1. Given +1 on the Cβ of Lys and Arg, -1 on the Cβ of Asp and Glu, and no further charges, what dipole in debye does the stretch B:5-114 carry about its Cα centre, rounded to the nearest 20?
2. Can you compute 3J(HN,Hα) from phi for each residue in the stretch A:203-218, using the Karplus curve 6.51 cos²θ - 1.76 cosθ + 1.60 with θ = phi - 60°, rounded to whole Hz and x for Gly and Pro?
3. Relative contact order of the stretch B:119-212, please, whole-number percent, based on alpha carbon pairs below 8 angstrom and at least 6 residues apart.
4. If amide H atoms are built 1.01 Å from N in the plane of the peptide, which residues on other chains or at least 5 residues away come under 5 Å of the amide H of B:Leu19?
5. If you stretched the chain out fully between A:Asp171 and A:Ser135, how much longer would it get, using 0.36 nm times the residue separation minus the C-alpha to C-alpha distance?
6. Before anything else, pin down the relative contact order of chain B: Cα pairs under 8 Å, at least 6 apart, normalised by residue count, whole percent.
7. Assign unit charges at the C-beta atoms only (+1 for Lys and Arg, -1 for Asp and Glu), then state the dipole size of chain B relative to its Cα centre in Debye, rounded to the nearest 20.
8. Please report the relative contact order for chain A, taking Cα pairs under 8 Å with a sequence separation of at least 6, and give it as a percent rounded to a whole number.
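Where a number appears in this text, it was derived from the coordinates with a stated rule and is not lab data. Note that the coordinates shown come from a computational prediction; the quantities given were computed from them, not determined experimentally. Glycine gets a Cβ as well: all are built from the backbone with ideal geometry, and neighbour counts include every protein chain shown.
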Amino acid sequence: MDLLKVTIDNQTIEVPAGTTILQAARLIGKEVAPPAMCFYTKLKTSGGYCRTCLVKVSKGSEKDPRPMPKLVASCRTTVMDGMEVQNYTSPEVVEARKGVVEFLLINHPLDCPICDQAGECHLQDLSYENGRSHSRYEFDRRTFDKIDIGDKIQLHMTRCILCYRCVKVADQLTPGRVHGVINRGDVAEISTYIQNAVDNEFSGNMVDVCPVGALTDKTFRFKSRVWFLKPFDAHRDCDKCSGKTVLWKYGKEIYRVTGRKDQWGEVDEWICNTCRYEKKAPSDWIEEGPRQIDRHSVISQNMYEAGTKFVDSPETLPKKQLS
Amino acid sequence: MNDGGAEYAKIGIGRSTVLVISASGNINNPGVYEIEMGITVDEFIFSDQYCGGITNGKRLKACVPGGSSVPILPDYLVCKTATGEDRLMTYESLSDGGFATGSMLGSGGFIVYDENQCIVRNTWNFSRFYHHESCGQCSPCREGTGWMEKVLHRLEKGMGNMGDMDLLVDVAKKIEGNTICPLGDAAAWPIAAAIRHFRHEFEYHVLHPEKVKDPKHGYREPIMPKAPSAVTA
Ligand code: SF4
Ligand code: SF4
Ligand code: FES
């Protein structure tokens with residue numbers, strides 16, 4: 001197949017047709033990859049909602065070099081041959097993204113100290129790396145009551161950023177659609193059909209795809225902070241899923257089981273609820289060894305600086321990006 | 001239309017041919033008019049064939065020429081462009097001057113304001129509409145429209161502060177162009193334009209909280225647009 005050439009923040013790569021700008025940027029590396037809060041490789045039609053991945057297309061293609069008139073969502077825009085894209089090198093993009101982060105935060109409770117997601121929260125990372133340090137919002141924040149969707153998952157809608165990922169999981173991974181978005185605008189909420197339980201073998205994956213602490217594992221609720229736990233790759237013979245998971249342990253005790261996430265925070269393989277919720281004894285698992293966490297959050301302990309891009313000061317940009 | 005494409009193309013000027021305009025606001029003959037494009041805005045507002053002038057012989061204060069999402073124009077830019085030419089009812093002429101001194105013919109929702117109307121209240125009203133209409137898929141529009149509405153609400157009620165205008169302009173800028181669909185732009189433009197041309201009226205709301213508590217304060221003390229030289233485009 002013909003390869004298309006695309007240049008992102010001055011780094012060029014060749015990718016097959018149909019690749020999105022976001023995917024191409026991820027292939028180059030994290031110093032040029034835009035943050036993505038709603039796109040999820042494994043979920044069809046995901047992306048386009050959050051607008052954190054906006055980039056500037058300064059040259060459309062070799063054939064039609066005109067720049068695109070507006071910033072585009074890199075997760076939903078496919079590469080053309082000869083395209084030139086600016087991400088962190090465009091002040092316009094950096095500024096727009098700051099705006100998006102601010103919008104995502106104005107109605108967010110920021111109750112990180114009592115939020116189970118803290119430490120592995122994409123919104124924390126996003127705002128730390130791309131946001132502004134204070135809020136200009138002076139009104140009451142939108143709040144919702146917590147609800148249980150099924151006996152294993154709690155929905156804390158107040159924290160939801162409406163990325164639609166869990167909706168796609170419910171839609172694409174589980175039979176019968178009982179879960180979706182009701183209402184619209186800034187009172188839209190994730191909900192289930194007449195408070196129905198989301199009850200099937202793969203529903204637990206909604207917790208893994210949720211970038212924030214809106215959907216949390218009830219069996220892990222308030223048990224520990226994630227950064228006190230050590231992740232281990234493990235597997236078991238499972239007749240429903242691949243059985244390849246990560247065990248989060250404190251000493252010998254297994255506190256929770258999740259899917260294996262790659263450096264972009266996306267799970268490699270969906271896991272079933274039996275593996276996730278019912279197998280918490282060490283004898284249930286064959287351990288493969290400690291898991292390398294590539295993410296730059298606090299869960300990787302003292303690694304926060306390593307991958308951080310401070311958008312405000314060009315001196316601190318990774319060298320590769322400046323060259 | 002019955003006479004074929006060639007005949008149709010003769011009507012009006014250039015790209016602008018005939019259009020159905022829905023005229024509303026403080027005019028003597030509100031209604032729906034099918035106009036041949038190319039007549040002047042002045043004729044459209046003041047002739048008896050169309051809007052029939054401003055009610056009760058009042059002064060024209062402002063006009064939104066193309067539906068609530070397009071930039072509002074202050075009196076001195078309604079009938080004349082910034083370069084002093086007659087403004088015509090055409091796509092081209094109404095957008096003359098870009099967003100700095102022009103607007104758009106848009107959907108043809110033509111709204112006229114007389115001297116007593118409050119631009120802050122009107123802008124808040126528009127923002128309420130867009131806040132309500134936002135579908136909530138994408139973050140800038142979902143969160144931004146609600147935020148702008150809240151800030152405009154407090155300005156309207158005399159509880160705003162001098163930083164609010166810059167805040168609104170900045171928030172509008174961060175929505176504009178960054179959303180999935182044009183509703184974000186439509187929500188941002190009228191607010192940015194109102195502050196561009198009527199900033200002194202927003203400031204009045206901050207400085208005279210007791211006066212603006214009465215939503216009809218404009219009837220006692222009309223606030224007219226500032227002369228062109230005083231406007232920083
Ligand atoms: S979802 Fe993230 S940002 Fe929100 S309270 Fe939880 S940890 Fe904090
Ligand atoms: S609950 Fe989580 S996954 Fe679902 S839309 Fe909200 S933030 Fe996204
Ligand atoms: S990741 Fe592209 S819009 Fe959310």
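1. That gives the stretch B:5-114 a dipole magnitude of about 260 debye.
2. For the stretch A:203-218, the Karplus curve yields 4, x, 5, 4, 5, 5, 7, 5, x, 10, x, 7, 10, 10, 6, 5 Hz.
3. Across the stretch B:119-212, relative contact order equals 36 percent.
4. Correct list: B:Ile35, B:Met37.
5. Length gained between A:Asp171 and A:Ser135: 9.4 nm.
6. 19
7. About 760 debye.
8. Worked out over chain A, it gives 14 percent.
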